[in-house]
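Novice: Can you keep this structure in mind? I'll have questions shortly.
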Amino acid sequence: MSDAVLARETNRRQLQQIIAGLSDGVILLEVDQSIIWANEAALRMHGVDSLEQLGSNAQGYRERFALRYRNNHPLDAEQYPIARVAAGEVFSDVMVEVLAVGDDEARSRVHRVRSMVLEDSKGEAESLVLILADATEWASAEQRFEKTFNANPAPAVICRLSDLRFIKVNQGFLEMTGHMRENVIGRSVYEVDVLENAERKELAIERLMEGATIPQMQAELRLPDGGSKLVIVAGQPLDMHEEDCMLFSFTDLEPRRKAENALRQSEERFAKAFRLSPVPTLLCSADRQQLIDANEAFLDTLGYAAQELIGKTVAEIDFMADRRVATQVFDALEKTGRIEGLDLKLRKKGNDRLDCVLQADTVSLQDTPCYLLVLMDITERKRSELELVEAIETVMQDASWFSQTLIEKLANAKRINTGRLPDASFTDLTRRERDVLALICEGLADKEIATRLNLALNTVRNHVATVYSKLDVHSRSEAIVWARERRLFTH
(Lines give C-alpha, C1' and ligand atoms only; values in the text may rest on other atoms or scores of the structure.)
Protein backbone atom coordinates (compact mmCIF):
# COMPACT_ATOMS: atom_id res chain seq x y z
CA MET A 1 0.00 0.00 0.00
CA SER A 2 1.49 3.35 -1.03
CA ASP A 3 2.17 6.04 1.49
CA ALA A 4 -0.53 8.26 -0.07
CA VAL A 5 -3.19 5.58 0.23
CA LEU A 6 -2.10 4.81 3.80
CA ALA A 7 -2.30 8.46 4.77
CA ARG A 8 -5.75 8.75 3.25
CA GLU A 9 -7.00 5.73 5.17
CA THR A 10 -5.54 7.10 8.38
CA ASN A 11 -7.22 10.44 7.86
CA ARG A 12 -10.50 8.72 7.09
CA ARG A 13 -10.38 6.67 10.27
CA GLN A 14 -9.62 9.77 12.29
CA LEU A 15 -12.52 11.58 10.60
CA GLN A 16 -14.82 8.66 11.36
CA GLN A 17 -13.82 8.71 15.01
CA ILE A 18 -14.49 12.46 15.23
CA ILE A 19 -17.93 12.32 13.66
CA ALA A 20 -19.10 9.01 15.10
CA GLY A 21 -20.63 10.66 18.17
CA LEU A 22 -22.26 13.59 16.41
CA SER A 23 -26.03 14.01 16.68
CA ASP A 24 -26.21 14.71 12.96
CA GLY A 25 -26.09 11.68 10.71
CA VAL A 26 -23.06 11.32 8.46
CA ILE A 27 -22.65 8.95 5.51
CA LEU A 28 -19.29 8.60 3.70
CA LEU A 29 -19.30 7.60 0.04
CA GLU A 30 -16.81 6.80 -2.65
CA VAL A 31 -16.96 8.63 -5.95
CA ASP A 32 -18.47 5.48 -7.50
CA GLN A 33 -21.48 5.87 -5.11
CA SER A 34 -20.33 3.07 -2.80
CA ILE A 35 -21.40 3.53 0.85
CA ILE A 36 -18.31 2.93 2.96
CA TRP A 37 -19.32 4.17 6.42
CA ALA A 38 -22.16 5.73 8.43
CA ASN A 39 -22.29 6.87 12.03
CA GLU A 40 -24.85 5.70 14.61
CA ALA A 41 -27.04 8.77 14.10
CA ALA A 42 -27.33 8.12 10.34
CA LEU A 43 -28.28 4.48 10.94
CA ARG A 44 -30.84 5.46 13.58
CA MET A 45 -32.40 8.02 11.24
CA HIS A 46 -32.96 5.21 8.72
CA GLY A 47 -34.26 2.77 11.34
CA VAL A 48 -31.46 0.25 10.76
CA ASP A 49 -28.71 -1.25 12.93
CA SER A 50 -25.86 -1.88 10.49
CA LEU A 51 -24.21 -0.38 7.43
CA GLU A 52 -25.27 -3.37 5.32
CA GLN A 53 -28.90 -2.52 5.92
CA LEU A 54 -28.37 0.86 4.22
CA GLY A 55 -27.20 -0.88 1.07
CA SER A 56 -23.73 -1.20 -0.33
CA ASN A 57 -24.21 1.57 -2.90
CA ALA A 58 -26.76 3.98 -4.37
CA GLN A 59 -28.59 1.17 -6.16
CA GLY A 60 -28.89 -0.85 -2.94
CA TYR A 61 -30.01 2.25 -1.02
CA ARG A 62 -32.80 2.92 -3.56
CA GLU A 63 -33.98 -0.69 -3.27
CA ARG A 64 -34.33 -0.35 0.49
CA PHE A 65 -35.59 3.25 0.84
CA ALA A 66 -38.16 5.24 -1.13
CA LEU A 67 -37.60 9.01 -1.05
CA ARG A 68 -40.06 11.73 -1.88
CA TYR A 69 -40.26 15.47 -1.54
CA ARG A 70 -42.56 17.13 0.98
CA ASN A 71 -45.15 17.64 -1.77
CA ASN A 72 -45.38 13.81 -2.07
CA HIS A 73 -43.58 13.69 -5.43
CA PRO A 74 -41.21 10.65 -5.51
CA LEU A 75 -37.53 11.26 -6.32
CA ASP A 76 -36.07 9.85 -9.52
CA ALA A 77 -32.80 7.88 -9.25
CA GLU A 78 -30.63 10.85 -10.25
CA GLN A 79 -32.42 13.07 -7.67
CA TYR A 80 -31.39 10.92 -4.68
CA PRO A 81 -28.84 12.81 -2.51
CA ILE A 82 -26.29 9.99 -3.07
CA ALA A 83 -26.51 10.41 -6.84
CA ARG A 84 -26.34 14.20 -6.64
CA VAL A 85 -23.23 14.31 -4.44
CA ALA A 86 -21.59 11.59 -6.60
CA ALA A 87 -22.11 13.93 -9.55
CA GLY A 88 -20.07 16.53 -7.65
CA GLU A 89 -23.06 18.67 -6.60
CA VAL A 90 -22.84 20.53 -3.33
CA PHE A 91 -26.23 21.35 -1.87
CA SER A 92 -27.82 22.24 1.46
CA ASP A 93 -31.23 22.07 3.16
CA VAL A 94 -32.74 19.47 0.85
CA MET A 95 -35.86 18.17 2.61
CA VAL A 96 -36.80 14.58 1.80
CA GLU A 97 -39.23 12.11 3.33
CA VAL A 98 -37.64 8.67 3.80
CA LEU A 99 -39.72 5.50 3.97
CA ALA A 100 -38.27 2.00 4.19
CA VAL A 101 -39.67 -0.19 1.42
CA GLY A 102 -42.43 -2.35 2.87
CA ASP A 103 -43.11 -0.09 5.89
CA ASP A 104 -46.35 1.82 6.38
CA GLU A 105 -46.66 5.60 6.10
CA ALA A 106 -46.67 6.04 9.87
CA ARG A 107 -42.97 5.06 10.03
CA SER A 108 -41.74 7.60 7.51
CA ARG A 109 -39.00 10.04 8.55
CA VAL A 110 -38.03 13.48 7.31
CA HIS A 111 -34.36 14.31 6.69
CA ARG A 112 -32.72 17.66 6.03
CA VAL A 113 -29.71 16.77 3.86
CA ARG A 114 -26.60 18.68 2.81
CA SER A 115 -23.50 17.46 0.97
CA MET A 116 -19.71 17.91 1.08
CA VAL A 117 -17.03 16.90 -1.39
CA LEU A 118 -13.61 16.24 0.16
CA GLU A 119 -10.75 16.84 -2.30
CA ASP A 120 -7.18 15.60 -2.28
CA SER A 121 -4.11 17.77 -2.63
CA LYS A 122 -4.59 17.79 -6.37
CA GLY A 123 -8.13 19.17 -6.09
CA GLU A 124 -9.76 15.95 -7.14
CA ALA A 125 -12.75 14.45 -5.32
CA GLU A 126 -11.47 12.03 -2.72
CA SER A 127 -14.51 11.35 -0.49
CA LEU A 128 -18.15 12.32 -0.57
CA VAL A 129 -20.14 13.20 2.54
CA LEU A 130 -23.88 13.40 3.22
CA ILE A 131 -24.84 15.13 6.46
CA LEU A 132 -28.36 14.37 7.71
CA ALA A 133 -30.47 16.15 10.30
CA ASP A 134 -33.61 14.49 11.66
CA ALA A 135 -36.45 16.92 10.80
CA THR A 136 -39.29 14.51 11.57
CA GLU A 137 -40.56 16.38 14.63
CA TRP A 138 -40.20 19.71 12.87
CA ALA A 139 -42.06 18.42 9.81
CA SER A 140 -44.81 16.98 12.02
CA ALA A 141 -45.22 20.32 13.79
CA GLU A 142 -45.25 22.12 10.47
CA GLN A 143 -47.83 19.71 9.13
CA ARG A 144 -50.03 20.30 12.18
CA PHE A 145 -49.61 24.05 11.68
CA GLU A 146 -50.53 23.71 8.00
CA LYS A 147 -53.68 21.75 8.82
CA THR A 148 -54.68 24.16 11.57
CA PHE A 149 -53.93 27.21 9.42
CA ASN A 150 -55.90 25.92 6.45
CA ALA A 151 -58.83 24.64 8.53
CA ASN A 152 -59.09 27.77 10.68
CA PRO A 153 -62.24 29.67 9.62
CA ALA A 154 -60.63 32.95 10.75
CA PRO A 155 -59.19 34.62 7.61
CA ALA A 156 -55.36 34.72 7.61
CA VAL A 157 -52.33 35.21 5.32
CA ILE A 158 -48.59 34.83 5.93
CA CYS A 159 -45.98 37.05 4.31
CA ARG A 160 -42.20 36.61 4.24
CA LEU A 161 -40.47 39.59 5.80
CA SER A 162 -37.38 39.42 3.56
CA ASP A 163 -39.37 40.46 0.47
CA LEU A 164 -42.86 41.13 1.96
CA ARG A 165 -44.47 38.55 -0.30
CA PHE A 166 -47.30 36.26 0.72
CA ILE A 167 -46.34 32.62 1.02
CA LYS A 168 -49.53 31.19 2.55
CA VAL A 169 -53.23 32.00 2.52
CA ASN A 170 -56.07 30.03 4.11
CA GLN A 171 -59.56 29.30 2.82
CA GLY A 172 -61.13 31.76 5.26
CA PHE A 173 -59.30 34.70 3.64
CA LEU A 174 -60.20 33.52 0.12
CA GLU A 175 -63.89 33.19 1.04
CA MET A 176 -63.97 36.56 2.81
CA THR A 177 -62.34 38.50 -0.05
CA GLY A 178 -63.23 36.48 -3.15
CA HIS A 179 -59.54 36.25 -4.16
CA MET A 180 -58.15 33.19 -5.93
CA ARG A 181 -55.18 31.51 -4.19
CA GLU A 182 -52.87 32.13 -7.15
CA ASN A 183 -53.74 35.83 -7.05
CA VAL A 184 -52.40 36.09 -3.48
CA ILE A 185 -49.44 33.71 -3.22
CA GLY A 186 -46.25 35.42 -4.43
CA ARG A 187 -47.73 38.91 -4.43
CA SER A 188 -46.49 41.61 -2.09
CA VAL A 189 -48.33 43.35 0.72
CA TYR A 190 -48.45 46.43 -1.51
CA GLU A 191 -50.28 44.57 -4.28
CA VAL A 192 -52.78 42.90 -1.95
CA ASP A 193 -52.79 45.70 0.62
CA VAL A 194 -53.97 44.22 3.92
CA LEU A 195 -53.31 47.54 5.70
CA GLU A 196 -55.26 49.81 3.37
CA ASN A 197 -57.02 52.67 5.20
CA ALA A 198 -55.83 51.21 8.49
CA GLU A 199 -56.50 53.39 11.53
CA ARG A 200 -52.81 53.48 12.47
CA LYS A 201 -51.20 52.55 9.17
CA GLU A 202 -47.86 54.24 9.88
CA LEU A 203 -47.49 52.26 13.12
CA ALA A 204 -48.48 49.04 11.34
CA ILE A 205 -45.88 49.54 8.58
CA GLU A 206 -43.22 50.42 11.16
CA ARG A 207 -43.96 47.23 13.13
CA LEU A 208 -44.00 45.19 9.90
CA MET A 209 -40.53 46.42 8.94
CA GLU A 210 -39.28 45.62 12.46
CA GLY A 211 -40.88 42.18 12.45
CA ALA A 212 -42.78 43.15 15.60
CA THR A 213 -46.39 42.53 16.66
CA ILE A 214 -48.96 44.70 14.89
CA PRO A 215 -51.84 45.58 17.25
CA GLN A 216 -55.46 45.16 16.20
CA MET A 217 -56.79 48.01 14.09
CA GLN A 218 -59.61 48.68 11.70
CA ALA A 219 -58.79 48.58 7.97
CA GLU A 220 -60.55 48.25 4.64
CA LEU A 221 -59.66 45.48 2.19
CA ARG A 222 -60.05 46.06 -1.53
CA LEU A 223 -61.90 43.17 -3.20
CA PRO A 224 -61.26 41.76 -6.68
CA ASP A 225 -64.72 42.92 -7.84
CA GLY A 226 -63.86 46.54 -7.00
CA GLY A 227 -65.73 46.66 -3.70
CA SER A 228 -64.29 46.83 -0.20
CA LYS A 229 -64.72 45.05 3.11
CA LEU A 230 -64.36 46.49 6.61
CA VAL A 231 -62.10 44.31 8.81
CA ILE A 232 -60.05 44.23 12.00
CA VAL A 233 -56.46 43.27 11.12
CA ALA A 234 -53.59 42.24 13.40
CA GLY A 235 -50.08 40.93 12.76
CA GLN A 236 -48.04 38.35 14.67
CA PRO A 237 -44.39 37.55 13.79
CA LEU A 238 -43.45 33.87 13.40
CA ASP A 239 -40.69 31.69 12.01
CA MET A 240 -41.38 29.43 9.03
CA HIS A 241 -38.69 27.30 7.39
CA GLU A 242 -36.15 29.33 9.36
CA GLU A 243 -37.41 32.51 7.71
CA ASP A 244 -38.93 35.48 9.51
CA CYS A 245 -42.57 35.89 8.56
CA MET A 246 -45.66 37.82 9.62
CA LEU A 247 -49.05 36.20 10.19
CA PHE A 248 -51.92 38.59 9.41
CA SER A 249 -55.29 37.60 10.85
CA PHE A 250 -58.62 39.30 10.17
CA THR A 251 -62.07 39.73 11.67
CA ASP A 252 -64.82 40.50 9.18
CA LEU A 253 -66.72 43.60 10.32
CA GLU A 254 -69.03 43.68 7.31
CA PRO A 255 -71.93 41.90 9.07
CA ARG A 256 -71.65 44.39 11.92
CA ARG A 257 -71.59 47.33 9.49
CA LYS A 258 -74.66 45.98 7.70
CA ALA A 259 -76.43 45.45 11.01
CA GLU A 260 -75.59 48.99 12.09
CA ASN A 261 -76.87 50.38 8.78
CA ALA A 262 -80.06 48.34 9.06
CA LEU A 263 -80.55 49.50 12.66
CA ARG A 264 -80.00 53.11 11.67
CA GLN A 265 -82.49 52.80 8.81
CA SER A 266 -84.97 51.08 11.13
CA GLU A 267 -84.65 53.86 13.68
CA GLU A 268 -85.11 56.46 10.95
CA ARG A 269 -88.31 54.75 9.80
CA PHE A 270 -89.48 54.51 13.41
CA ALA A 271 -88.78 58.22 13.95
CA LYS A 272 -90.77 59.20 10.83
CA ALA A 273 -93.73 57.00 11.80
CA PHE A 274 -93.54 58.36 15.35
CA ARG A 275 -93.65 61.99 14.26
CA LEU A 276 -96.35 61.55 11.60
CA SER A 277 -98.73 59.40 13.65
CA PRO A 278 -102.07 61.18 14.28
CA VAL A 279 -102.40 59.29 17.58
CA PRO A 280 -100.83 60.93 20.68
CA THR A 281 -97.58 59.03 21.31
CA LEU A 282 -94.64 59.51 23.65
CA LEU A 283 -91.33 57.77 24.26
CA CYS A 284 -89.67 57.60 27.68
CA SER A 285 -86.70 55.77 29.17
CA ALA A 286 -87.47 52.58 31.04
CA ASP A 287 -85.20 53.24 33.99
CA ARG A 288 -86.34 56.76 35.02
CA GLN A 289 -89.46 57.23 32.88
CA GLN A 290 -87.74 60.33 31.48
CA LEU A 291 -89.44 61.74 28.39
CA ILE A 292 -87.26 61.28 25.29
CA ASP A 293 -89.72 62.45 22.64
CA ALA A 294 -93.39 63.24 22.08
CA ASN A 295 -95.08 63.56 18.71
CA GLU A 296 -97.15 66.53 17.49
CA ALA A 297 -100.44 64.76 18.19
CA PHE A 298 -99.50 64.34 21.87
CA LEU A 299 -98.37 67.96 22.21
CA ASP A 300 -101.51 69.27 20.49
CA THR A 301 -103.86 67.06 22.51
CA LEU A 302 -102.43 68.02 25.90
CA GLY A 303 -101.56 71.61 24.96
CA TYR A 304 -97.81 71.47 25.71
CA ALA A 305 -94.75 72.66 23.80
CA ALA A 306 -91.92 70.17 23.26
CA GLN A 307 -89.42 72.14 25.36
CA GLU A 308 -91.80 71.92 28.33
CA LEU A 309 -91.69 68.12 28.33
CA ILE A 310 -88.47 66.72 26.87
CA GLY A 311 -86.05 65.66 29.60
CA LYS A 312 -88.64 65.67 32.38
CA THR A 313 -89.96 62.53 34.02
CA VAL A 314 -93.57 61.38 33.66
CA ALA A 315 -94.06 62.08 37.37
CA GLU A 316 -92.79 65.65 36.95
CA ILE A 317 -95.15 66.36 34.04
CA ASP A 318 -97.99 64.70 35.96
CA PHE A 319 -100.26 64.36 32.93
CA MET A 320 -101.93 61.19 34.21
CA ALA A 321 -104.87 62.36 36.33
CA ASP A 322 -104.53 59.57 38.88
CA ARG A 323 -100.98 59.09 40.19
CA ARG A 324 -101.82 55.62 41.46
CA VAL A 325 -102.76 54.62 37.92
CA ALA A 326 -99.45 56.04 36.66
CA THR A 327 -97.57 53.92 39.19
CA GLN A 328 -99.56 50.84 38.17
CA VAL A 329 -98.81 51.51 34.48
CA PHE A 330 -95.02 51.50 34.93
CA ASP A 331 -95.12 48.60 37.40
CA ALA A 332 -96.99 46.57 34.79
CA LEU A 333 -94.51 47.59 32.06
CA GLU A 334 -91.58 46.58 34.24
CA LYS A 335 -93.14 43.16 34.89
CA THR A 336 -94.68 42.26 31.52
CA GLY A 337 -93.16 44.74 29.07
CA ARG A 338 -96.51 45.78 27.56
CA ILE A 339 -100.05 47.04 28.27
CA GLU A 340 -103.13 46.62 26.09
CA GLY A 341 -106.35 48.63 26.26
CA LEU A 342 -106.13 50.32 29.67
CA ASP A 343 -108.72 53.07 30.28
CA LEU A 344 -107.36 56.10 32.12
CA LYS A 345 -107.77 59.85 32.39
CA LEU A 346 -105.20 62.41 31.25
CA ARG A 347 -104.76 65.93 32.58
CA LYS A 348 -104.29 68.62 29.93
CA LYS A 349 -102.13 71.67 30.54
CA GLY A 350 -105.18 73.74 31.53
CA ASN A 351 -106.27 70.97 33.94
CA ASP A 352 -109.05 69.73 31.67
CA ARG A 353 -109.50 65.95 31.66
CA LEU A 354 -109.47 63.52 28.77
CA ASP A 355 -110.64 59.93 28.63
CA CYS A 356 -108.05 57.77 26.87
CA VAL A 357 -107.19 54.17 26.09
CA LEU A 358 -103.51 53.32 26.64
CA GLN A 359 -101.46 50.88 24.57
CA ALA A 360 -97.80 50.53 25.66
CA ASP A 361 -94.82 48.40 24.69
CA THR A 362 -91.08 48.13 25.34
CA VAL A 363 -88.69 49.11 22.52
CA SER A 364 -84.90 49.31 22.29
CA LEU A 365 -83.23 52.43 20.93
CA GLN A 366 -79.43 52.39 20.62
CA ASP A 367 -79.37 49.42 23.00
CA THR A 368 -81.36 51.37 25.62
CA PRO A 369 -84.73 49.96 26.78
CA CYS A 370 -87.57 52.48 26.42
CA TYR A 371 -91.34 52.55 26.78
CA LEU A 372 -93.56 53.58 23.88
CA LEU A 373 -96.95 54.89 25.09
CA VAL A 374 -99.80 55.30 22.59
CA LEU A 375 -102.88 57.16 23.89
CA MET A 376 -106.19 57.23 22.03
CA ASP A 377 -108.59 60.04 23.01
CA ILE A 378 -112.06 58.50 23.59
CA THR A 379 -113.61 61.47 25.43
CA GLU A 380 -116.23 62.19 22.75
CA ARG A 381 -117.06 58.53 22.33
CA LYS A 382 -117.69 58.13 26.05
CA ARG A 383 -119.80 61.24 26.16
CA SER A 384 -121.94 59.97 23.29
CA GLU A 385 -122.38 56.57 24.93
CA LEU A 386 -123.42 58.16 28.24
CA GLU A 387 -125.93 60.40 26.50
CA LEU A 388 -127.40 57.38 24.69
CA VAL A 389 -127.74 55.38 27.90
CA GLU A 390 -129.35 58.33 29.74
CA ALA A 391 -131.82 58.82 26.89
CA ILE A 392 -132.85 55.17 27.01
CA GLU A 393 -133.22 55.31 30.79
CA THR A 394 -135.47 58.38 30.49
CA VAL A 395 -137.68 56.72 27.92
CA MET A 396 -137.92 53.51 29.91
CA GLN A 397 -138.60 54.99 33.37
CA ASP A 398 -142.19 53.78 33.34
CA ALA A 399 -141.55 50.60 31.41
CA SER A 400 -142.01 48.14 34.27
CA TRP A 401 -142.61 45.45 31.70
CA PHE A 402 -139.07 45.96 30.33
CA SER A 403 -136.71 43.00 30.59
CA GLN A 404 -134.80 42.98 33.90
CA THR A 405 -131.75 41.63 31.99
CA LEU A 406 -131.72 44.57 29.56
CA ILE A 407 -132.03 47.07 32.43
CA GLU A 408 -129.01 45.48 34.10
CA LYS A 409 -127.00 45.65 30.87
CA LEU A 410 -127.86 49.36 30.50
CA ALA A 411 -126.76 49.97 34.08
CA ASN A 412 -123.49 48.18 33.45
CA ALA A 413 -122.87 50.19 30.27
CA LYS A 414 -123.45 53.39 32.26
CA ARG A 415 -120.99 52.30 34.93
CA ILE A 416 -118.32 51.51 32.29
CA ASN A 417 -118.65 54.96 30.75
CA THR A 418 -118.47 56.67 34.11
CA GLY A 419 -115.29 54.84 35.00
CA ARG A 420 -116.89 52.46 37.52
CA LEU A 421 -116.44 48.70 37.30
CA PRO A 422 -119.60 46.83 36.15
CA ASP A 423 -121.59 44.90 38.76
CA ALA A 424 -122.28 41.21 38.54
CA SER A 425 -125.47 40.37 36.66
CA PHE A 426 -128.43 38.28 37.90
CA THR A 427 -128.12 36.41 34.62
CA ASP A 428 -124.65 35.21 35.68
CA LEU A 429 -126.37 32.89 38.20
CA THR A 430 -127.62 29.44 37.29
CA ARG A 431 -131.32 28.55 37.84
CA ARG A 432 -130.55 26.69 41.08
CA GLU A 433 -128.33 29.58 42.33
CA ARG A 434 -131.23 32.03 41.69
CA ASP A 435 -133.54 29.78 43.74
CA VAL A 436 -131.02 29.77 46.57
CA LEU A 437 -130.67 33.59 46.43
CA ALA A 438 -134.46 34.01 46.50
CA LEU A 439 -134.75 31.87 49.65
CA ILE A 440 -131.85 33.79 51.25
CA CYS A 441 -133.84 36.98 50.63
CA GLU A 442 -136.81 35.33 52.41
CA GLY A 443 -134.54 34.95 55.46
CA LEU A 444 -134.19 31.14 55.34
CA ALA A 445 -131.13 29.43 56.83
CA ASP A 446 -129.13 26.85 54.89
CA LYS A 447 -130.90 23.90 56.56
CA GLU A 448 -134.31 25.38 55.70
CA ILE A 449 -133.24 26.00 52.10
CA ALA A 450 -132.09 22.38 51.85
CA THR A 451 -135.47 21.18 53.05
CA ARG A 452 -137.40 23.56 50.74
CA LEU A 453 -135.36 22.59 47.63
CA ASN A 454 -134.94 18.95 48.65
CA LEU A 455 -131.13 19.21 48.48
CA ALA A 456 -128.31 18.01 50.67
CA LEU A 457 -127.05 20.56 53.19
CA ASN A 458 -123.51 20.54 51.72
CA THR A 459 -124.92 21.15 48.25
CA VAL A 460 -126.82 24.20 49.53
CA ARG A 461 -123.71 25.52 51.21
CA ASN A 462 -121.76 25.15 47.94
CA HIS A 463 -124.49 27.06 46.07
CA VAL A 464 -124.41 29.83 48.69
CA ALA A 465 -120.61 30.15 48.38
CA THR A 466 -120.86 30.32 44.58
CA VAL A 467 -123.55 33.03 44.80
CA TYR A 468 -121.35 35.07 47.13
CA SER A 469 -118.40 34.72 44.73
CA LYS A 470 -120.35 35.68 41.60
CA LEU A 471 -122.04 38.68 43.25
CA ASP A 472 -118.83 39.76 45.01
CA VAL A 473 -120.57 39.82 48.42
CA HIS A 474 -119.43 38.34 51.71
CA SER A 475 -122.55 37.76 53.80
CA ARG A 476 -126.25 37.02 53.63
CA SER A 477 -127.11 40.63 54.45
CA GLU A 478 -124.94 41.89 51.57
CA ALA A 479 -126.60 39.42 49.20
CA ILE A 480 -130.06 40.61 50.33
CA VAL A 481 -129.06 44.29 49.82
CA TRP A 482 -127.65 43.46 46.38
CA ALA A 483 -130.96 41.83 45.35
CA ARG A 484 -133.12 44.65 46.76
CA GLU A 485 -131.11 47.32 44.95
CA ARG A 486 -132.04 45.57 41.73
CA ARG A 487 -135.68 45.08 42.76
CA LEU A 488 -135.36 41.36 42.59
CA PHE A 489 -137.91 39.08 44.29
CA THR A 490 -140.12 42.15 45.09
CA HIS A 491 -143.18 39.90 45.23
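The values are calculated or read from the model by the stated rules, or taken from the named source; none is laboratory data. Given the structure is predicted, the values throughout are model-derived calculations rather than measurements. Cβ placement follows ideal geometry from the backbone for every residue including glycine, while neighbour counts extend to all protein chains displayed.
Novice: Specify the residue that is nearest to Ser127 (Cα to Cα); the eligible residues are those in region 22-59 that are β-branched (Val, Ile, Thr) and surrounded by fewer than 17 Cβ atoms within 10 Å (Cβ to Cβ).
Specialist: So the residue we want is Val31.
Novice: Restricting attention to region 100-150, which residues are of a type outside the set (D, E, K, R) and touching a Leu at 6+ places or on another chain (Cβ under 8 Å)?
Specialist: Ser108, His111, Val113, Ser115, Met116, Val117, Leu118, Ala125, Ser127, Leu128, Val129, Leu130
Novice: Scan Glu175, Glu182, Glu146 and give me the residue that is under 16 Å from Met246 (Cα atoms) and surrounded by fewer than 17 Cβ atoms within 10 Å (Cβ to Cβ).
Specialist: After applying the criteria, what remains is Glu146.
Novice: Taking region 24-78 only, how many residues are touching a residue at least 40 places away in the same chain (Cβ under 8 Å), assigned to a helix (DSSP H, G or I) and touching a Phe, Trp or Tyr at 6+ places or on another chain (Cβ under 8 Å)?
Specialist: 1
Novice: Could I ask something else about it? I'm trying to understand the selection: among the residues of region 257-278, which are basic (Lys, Arg) and touching a residue at least 24 places away in the same chain (Cβ under 8 Å)?
Specialist: Passing the criteria: only Arg257.
Novice: Across region 250-300, which residue is farthest from Ile317 (Cα to Cα) among those that are among the hydroxyl-bearing types (Ser, Thr, Tyr) and at pLDDT below 90?
Specialist: Once the filter is applied, the top-ranked residue is Thr251.
Novice: Moving on to the next point. If we keep just the residues of region 90-100 that are surrounded by fewer than 17 Cβ atoms within 10 Å (Cβ to Cβ) and either part of a loop (DSSP other than H, G, I, E, B) or of a type in the set (D, E, K, R) (or both), which is farthest from the chain's Cα centre (by Cα)?
Specialist: Across region 90-100, the extreme among qualifying residues is Val90.
Novice: Still on this model: When you look at Arg114, is it surrounded by 18 or more Cβ atoms within 10 Å (Cβ to Cβ), within 23 Å of Gly47 (Cβ to Cβ) and under 52 Å from the mean Cα position of the chain (by Cα), yes or no?
Specialist: So Arg114 does not fit the description; no.
Novice: Out of (1) modelled with pLDDT of 90 or more; (2) out of contact with any strand residue (DSSP E or B) (no Cβ under 6 Å at 6 or more places or on another chain), the odd one out for Ala151 is which?
Specialist: The single condition Ala151 does not satisfy is (1).
Novice: What residue, of Thr466, Thr451, Thr427, is over 60 Å from the mean Cα position of the chain (by Cα) and either in a loop (DSSP other than H, G, I, E, B) or not small (Gly, Ala, Ser) (or both)?
Specialist: The unique qualifying residue is Thr451.
For every residue, the table says whether it meets (1) out of contact with any His (no Cβ under 6 Å at 6 or more places or on another chain); (2) crowded, with 19+ Cβ neighbours inside 10 Å; (3) in contact (Cβ under 8 Å) with a residue 12 or more places away in the chain; (4) assigned to a helix (DSSP H, G or I).
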{"site": "Gly88", "(1), (2), (3), (4)": "yes, no, yes, no"}
{"site": "Gly102", "(1), (2), (3), (4)": "yes, no, no, no"}
{"site": "Ser121", "(1), (2), (3), (4)": "yes, no, no, no"}
{"site": "Leu130", "(1), (2), (3), (4)": "yes, yes, yes, no"}
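Novice: Please return the ranges of helices (runs of 4 or more DSSP H) entirely within region 223-336 where 2 or more residues are loosely packed, with under 15 Cβ neighbours inside 10 Å and under 31 Å from the mean Cα position of the chain (by Cα).
Specialist: 254-276, 323-336
Novice: Continuing with this model, one more query. Do you know which residues across region 345-377 are farther than 19 Å from Arg324 by Cα, assigned to a loop (DSSP other than H, G, I, E, B) and modelled with pLDDT of 85 or more?
Specialist: Scanning region 345-377 gives a single hit, Lys349.
Novice: Condition first: in contact with a helix residue (DSSP H, G or I) (Cβ under 8 Å, 6 or more places away or on another chain), assigned to a helix (DSSP H, G or I) and surrounded by fewer than 17 Cβ atoms within 10 Å (Cβ to Cβ). Can you find one or more residues in region 204-221 that meet it?
Specialist: Within region 204-221, not a single residue is in contact with a helix residue (DSSP H, G or I) (Cβ under 8 Å, 6 or more places away or on another chain), assigned to a helix (DSSP H, G or I) and surrounded by fewer than 17 Cβ atoms within 10 Å (Cβ to Cβ).
Novice: Can you spot a residue in region 141-153 that is within 25 Å of Leu238 (Cα to Cα), basic (Lys, Arg) and assigned to a helix (DSSP H, G or I)?
Specialist: Taking every residue of region 141-153 in turn, at least one turns out to be within 25 Å of Leu238 (Cα to Cα), basic (Lys, Arg) and assigned to a helix (DSSP H, G or I).
Novice: Is there a residue in region 69-92 that is within 18 Å of Thr136 (Cβ to Cβ) and modelled with pLDDT of 90 or more?
Specialist: Yes - at least one qualifying residue is present in region 69-92.
Novice: Of the conditions (1) crowded, with 16+ Cβ neighbours inside 10 Å; (2) farther than 25 Å from Glu254 by Cβ; (3) hydrophobic (A, V, I, L, M, F, W, C), Val194 fails just one. Which one is it?
Specialist: Against the list (1) crowded, with 16+ Cβ neighbours inside 10 Å; (2) farther than 25 Å from Glu254 by Cβ; (3) hydrophobic (A, V, I, L, M, F, W, C), Val194 comes up short only on (2).
Novice: Tell me, yes or no, whether region 79-92 has at least one residue that is of a type in the set (D, E, K, R) and either touching a helix residue (DSSP H, G or I) at 6+ places or on another chain (Cβ under 6 Å) or assigned by TED's automatic domain parsing to the domain that holds Leu28 (or both).
Specialist: yes
Novice: To continue, here is another question. State which residue pairs qualify: first residue within 14 Å of Met246 (Cβ to Cβ) and inside region 201-222, second residue among the β-branched types (Val, Ile, Thr) and surrounded by 13 or more Cβ atoms within 10 Å (Cβ to Cβ) in any location, beta carbons under 6 Å apart, and separation of 6 or more residues or different chains.
Specialist: Ala204/Ile214; Arg207/Ile214
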